[in-house]
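Inspection log for the structure reproduced underneath, given as structure tokens.
The values are calculated or read from the model by the stated rules, or taken from the named source; none is laboratory data. The model shown is predicted, which means the values in this text are computed figures rather than measured ones. When we count neighbours, we look across all protein chains shown, and the Cβ atoms used for this are built from the backbone with ideal geometry, even at glycine.
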């Protein structure tokens, strides 16, 4: 959680000189189909923070932080957690209701607890490349603000099994996870705004 908060503050600071900045805060769920992440295939609570700069009417690149707040210790029957920070290149249509596509690349760390049994070791990884592709719909809700529903996928890399046998990559160390989030956003100005 502390890493997520630090990353979110850093994203705001990094974009503070490029006004206006589109800020978004979202919540949803992440779901893994692989046993390396969850024997019980549970959906985990997920939070997303994004700061983007509207470079064009159809293009808003930005920086994003992701937190999957699953279980963090034994005994559990399954689940996973992770975090990532990334740069994205959001493409979107124009108008009150917009279609958007959001590819992103960054770094992250995944952690999975397959089960609470003594024979199973936690699946984990260090800081490693992270990839995300989401798409969805965004619509205005009040003047200057919007709501967005996005779904997509994530690729975690560098994951393996720990324990007495040492680190063993699982599935090549690459594991897909699905994501769905609902976000609220609005543009904010940082620094001096010129008068019209």
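At a glance:
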{"item": "Those residues of segment 122-167 which are modelled with pLDDT under 85 and crowded, with 17+ Cβ neighbours inside 10 Å, in sequence order", "result": "123, 124, 125, 158, 159, 160, 161"}
{"item": "Selection status of residue 71, in contact with a strand residue (DSSP E or B) (Cβ under 8 Å, 6 or more places away or on another chain), surrounded by 15 or more Cβ atoms within 10 Å (Cβ to Cβ) and either at pLDDT 90 or above or within 22 Å of residue 181 (Cβ to Cβ) (or both)", "result": "yes"}
{"item": "Looking only at segment 102-121, and only at residues there that are part of a strand (DSSP E or B), within 16 Å of residue 44 (Cβ to Cβ) and out of contact with any helix residue (DSSP H, G or I) (no Cβ under 9 Å at 6 or more places or on another chain), the one that is modelled with the lowest pLDDT", "result": "112"}
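Here is a yes/no grid of residues against (1) at pLDDT 65 or above; (2) at positive phi; (3) exposed (fewer than 15 other Cβ atoms within 10 Å of the Cβ); (4) outside any helix (DSSP H, G or I):
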residue	(1), (2), (3), (4)
4	no, no, no, no
35	no, no, no, yes
50	yes, no, no, yes
54	yes, no, no, yes
